[in-house]
Amino acid sequence: HAKIDHDVILRACSIFGGVKIFTPSNVKVEVVSTSIFGGVSNKRRQGEKSDGTKKSEKTLFIEATCLFGGVEIQ
């Protein structure tokens, strides 16, 4: 239930496991990852919110490192 008022950087590291990140619908998500036998899956819909309005200009930058594991963004 985080309230994001400005751009934020989140660093996630997954080694032989998994990380799930639940993001608010009103922020844009940008992902940069370094993955070895793992990866990042972004399951969010980008663009407009369900009520048809444009998303906010706030951005959540996710820097992910995955080693035999994964990061899932929802």
Ala64 being hydrophobic (A, V, I, L, M, F, W, C) and at pLDDT below 85: no
Can you confirm whether the stretch 12-22 contains a residue that is closer than 14 Å to Ala64 by Cβ, touching a Leu at 6+ places or on another chain (Cβ under 7 Å) and either open to solvent by 70 Å² or more (accessible area, probe 1.4 Å) or at pLDDT below 90 (or both)? yes
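The values are calculated or read from the model by the stated rules, or taken from the named source; none is laboratory data. Because the structure is a prediction, the values reported are computed rather than measured. Note that we place each Cβ from the backbone using ideal geometry, even for glycine, and neighbour counts take in every protein chain shown. Note: accessible area is taken over every heavy atom of the protein model, side chains too, but ligands, DNA and RNA are not part of it. Shrake-Rupley method; radii C 1.70, N 1.55, O 1.52, S 1.80 Å.
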